[in-house]
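See below for the structure under consideration.
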Amino acid sequence: MQKILIEGGVALKGEVKASGAKNSSLPLLMATILATGEHCIRNVPNVVDVRTTCSLLRRLGIEVTMSRGVVRANNPGLESYEAPYDLVKTMRASVVCLGPLVGRYGRARVSMPGGCAIGARPIDQHIKGLEKLGAKVSLNHGYVEASARRLTGAKIVLDLPTVTGTENLMMAAALAKGESEIRNAAREPEIVQMAEVLNQMGARIQGAGSESIKIEGVTQLGPADCTVMADRIEVGTLMIAAAITGGDVLLRGARAAHQTALIEKLIEAGVVVGESEHGIRIKGLARPKPVDITTQPYPGFPTDMQAQFMALMVLAKGTSIISEHIFENRFMHVQELKRMGARIKLEGARAVVRGVKKLSGAEVMATDLRASASLVLAGLVAGGRTEIYRVYHLDRGYQKLDKKLRKLGARIRRSKARPPGTIG
Ligand code: EPZ
């Protein structure tokens, strides 16, 4: 078990480059199921969820190696079509193997992902879409079992723009017989990259990034050869690290186009945001102005940035309202921030944040990936020492975030933590 120790109060300075996007890497790795041959995926972040995905691919019979951010996956043809509970329970996104397995092999047995800390996370839309494409889907003993001789193209209207649901169905339809359309599709940049890579593999997909994605099924796909985009959520997290500490940081290579909703809110809060061909430059200030946010599907304000933005608003000169409309339980960072002196009142899906002048370092507990990031950000600016326990949550989605922050001047390091409940 590890913990992160932070001595707050340093204004971050310098430049930093975000790693590859976790939420683009995971579906792209699953796309290797769709085609035999030697796939190559570059700029993959070395984070726990990527390693879990590679383990799942190996269970299916794909030979996967990862070195210095490059994943080589040799798919000789699968030996298994099952994503077992022991893997899926650690990472819900394993469900994204469902579409490619049914699309390419006509069969899949995937453990139903349980809920997770932030919500129930159902997959009814994934299943509805696969049934529309002609798959027979049943739930037996905690597993989703899907089969089809060959999927047939169909028009799918999603009840909501689910990200992994759109990815699953895009991959399933890529090898279906005939045309498909996914309406009310998710529009995230990771969806656009997924479509680009599938097309590079030989698929015929148009409209990714809009609410309607059209897919003309083909009979065979070739190996992927691609480079993962920068992680826009890590970029956003680092932008807030610069803002909250009153620093001056260049996010090298970052693209403002993927961050419009966040940038707009940072500017509203008084943060100076500049964009050049080198990336995005952030100049923070002592205390931000209060800003209300409501999380929405892309291109709205991303739910994955809600906890981090709340850390910034905790120090605002006034009261801000933070509404979480995507997940039903994504405020677990609130109690921990309050241990550091934050003044936050929860009212259902809303958090009323009354800004305070300063935070004080404390021992706090990470509860989920983005909550962990929020506590790191608060620790950077709190007076004294903050100790963050259960940092394995952070390591699921950030590659060496503490090292990146140290490079910008933060007094942050890891150390061994006594297992919880031990005395002395
Ligand atoms: C993806 O999760 C991301 N994960 C999440 O990032 C992100 O928070 C989320 O999209 C929203 O942007 C990956 O890409 C691996 P959804 P996903 O399906 O696809 C409901 C992080 O921190 N829903 O878009 O699981 C669902 O309950 C993670 O990096 C259904 O009701 O999210 C939620 O309320 C956390 N039925 C909403 O839709 C379904 O069949 C959005 O979920 C599917 C989803």
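The values are calculated or read from the model by the stated rules, or taken from the named source; none is laboratory data. None of the values given here were measured: they were computed from a predicted structure. Quick reminder, even Gly has a Cβ in these numbers, built from the backbone with ideal geometry, and neighbours come from all protein chains shown. Just so you know, the surface numbers come from the protein's heavy atoms only, side chains and all, with ligands and any DNA or RNA stripped out. Shrake-Rupley method; radii C 1.70, N 1.55, O 1.52, S 1.80 Å.
What to note about this one:
- Of the helices (runs of 4 or more DSSP H) lying entirely inside region 277-382, not one contains at least 2 residues that are surrounded by fewer than 21 Cβ atoms within 10 Å (Cβ to Cβ) and either at positive phi or within 16 Å of the ligand (Cβ to nearest atom) (or both).
- Filtered residues of region 69-91 (kept if buried (at least 19 other Cβ atoms within 10 Å of the Cβ), at pLDDT below 95 and under 17 Å from N23 (Cα atoms)): V88, M91
- All positions within region 11-68 that are within 21 Å of L101 (Cα to Cα), more than 16 Å from the ligand (Cβ to nearest atom) and open to solvent by 60 Å² or more (accessible area, probe 1.4 Å): E38, R58, R59, E63, T65
- Being farther than 19 Å from T53 by Cβ and either modelled with pLDDT of 95 or more or among the hydroxyl-bearing types (S, T, Y) (or both) is a condition met by no residue of region 110-119.
- Residue list for region 58-101, filter: touching a Cys at 6+ places or on another chain (Cβ under 8 Å), assigned to a helix (DSSP H, G or I) and over 22 Å from P122 (Cβ atoms): L60
- Scanning region 91-130 for residues that are polar (S, T, N, Q) and within 13 Å of the ligand (Cβ to nearest atom) yields S94, Q125.
- Boolean, L266 is free of Cβ contacts under 8 Å to residues at least 60 places away in the same chain, open to solvent by less than 20 Å² (accessible area, probe 1.4 Å), within 16 Å of the ligand (Cβ to nearest atom) and part of a helix (DSSP H, G or I): no
- The number of residues in region 153-184 being within 16 Å of the ligand (Cβ to nearest atom), open to solvent by 10 Å² or more (accessible area, probe 1.4 Å) and assigned to a loop (DSSP other than H, G, I, E, B) comes to 5.
- Residues (modelled with pLDDT of 95 or more and of a type outside the set (V, I, T)) located in region 285-299: P288, K289, P290, D292, Q296, P297, Y298, P299
- Residue within region 29-43 that is at positive phi and under 24 Å from the mean Cα position of the chain (by Cα) present: yes
- Only listed residue being open to solvent by 10 Å² or more (accessible area, probe 1.4 Å), touching a strand residue (DSSP E or B) at 6+ places or on another chain (Cβ under 8 Å), touching a residue at least 24 places away in the same chain (Cβ under 8 Å) and not basic (K, R), chosen from V271, V218: V218
- Of the residues R150, R104, the single one that is open to solvent by 40 Å² or more (accessible area, probe 1.4 Å), more than 30 Å from E324 (Cα to Cα) and part of a loop (DSSP other than H, G, I, E, B) is R150.
- Applying the set (1) open to solvent by 10 Å² or more (accessible area, probe 1.4 Å); (2) under 18 Å from S19 (Cα atoms); (3) without any contact (Cβ under 8 Å) to a residue 60 or more places away in the chain to M239 leaves exactly one unmet item: (1).
- R187 being outside any helix (DSSP H, G or I), over 13 Å from G217 (Cα atoms), within 12 Å of the ligand (Cβ to nearest atom) and out of contact with any strand residue (DSSP E or B) (no Cβ under 9 Å at 6 or more places or on another chain): no
- Unique match (being touching a residue at least 40 places away in the same chain (Cβ under 8 Å) and closer than 22 Å to K13 by Cα) among L315, L337: L315
- Residue match in region 203-213 (condition: free of Cβ contacts under 8 Å to residues at least 40 places away in the same chain, assigned to a loop (DSSP other than H, G, I, E, B) and under 21 Å from T32 (Cβ atoms)): yes
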